[in-house]
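Written below as structure tokens is the structure these notes are about.
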Amino acid sequence: MSTPSKIEVAMQNLIDVFYQYTTGDKCTLTKPQMKRLVEIELNQLTKNKKNVEYFDKLMKDLDFDGDGEMNFEEFVSFIAGIMFSCNELYIQKKQQMAKDCKK
């Protein structure tokens, strides 16, 4: 049996985290459950109050069916949105480091 790739491990970790915070058979996250997930699993990103406000808005925007809960599809969209933002910051930091090296 081969070793899982980094992406396979990342996908399994996201699935595990989602279901770790759900309760019962519903397989959705309520707003308090999602808030707890964000506070614990994304604590480095939520230290900044501005980021907390962004997460609140993002969660509301991603509640596609308007039920006030987040299903797995909505959760994946939430994570993707965060990853896009983090990637933008990564690129900006990398560009700044390249500029600093040229000086």
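The values are calculated or read from the model by the stated rules, or taken from the named source; none is laboratory data. Quick caveat, the model's predicted, so the values are computed rather than measured. Note: ideal-geometry Cβ built from the backbone for every residue, glycine included; neighbour counts use all protein chains shown.
If we scan the range 53-70, do we find a residue that is part of a loop (DSSP other than H, G, I, E, B), of a type outside the set (Ser, Thr, Tyr) and touching a Lys or Arg at 6+ places or on another chain (Cβ under 7 Å)?
yes
I need a count of the residues in the range 73-93 that are closer than 19 Å to PHE18 by Cβ and not aromatic (Phe, Trp, Tyr).
10
Within the range 51-63, does at least one residue satisfy the condition of being at pLDDT 85 or above and among the aliphatic types (A, V, I, L, M)?
Taking every residue of the range 51-63 in turn, none turns out to be at pLDDT 85 or above and among the aliphatic types (A, V, I, L, M).
Which ones in the range 20-37 are modelled with pLDDT under 85 and part of a helix (DSSP H, G or I)?
Selection gives LYS31, LYS35.
What number of residues in the range 28-42 are under 14 Å from the mean Cα position of the chain (by Cα) and polar (S, T, N, Q)?
To start, the set of residues in the range 28-42 that are under 14 Å from the mean Cα position of the chain (by Cα) comprises 29, 33-42.
This time we only want the ones that are polar (S, T, N, Q), so: 33.
Matching residues across the range 28-42 total 1.
Criterion first (at pLDDT 85 or above, loosely packed, with under 10 Cβ neighbours inside 10 Å and not acidic (Asp, Glu)) does ILE40 satisfy it?
Answer is no for this residue.
Taking LEU29 as the residue in question, decide whether it is touching a strand residue (DSSP E or B) at 6+ places or on another chain (Cβ under 6 Å) and of a type outside the set (D, E, K, R). Outline the logic, then answer.
Working: touching a strand residue (DSSP E or B) at 6+ places or on another chain (Cβ under 6 Å): yes; of a type outside the set (D, E, K, R): yes.
Against the criterion (touching a strand residue (DSSP E or B) at 6+ places or on another chain (Cβ under 6 Å) and of a type outside the set (D, E, K, R)), LEU29 qualifies.
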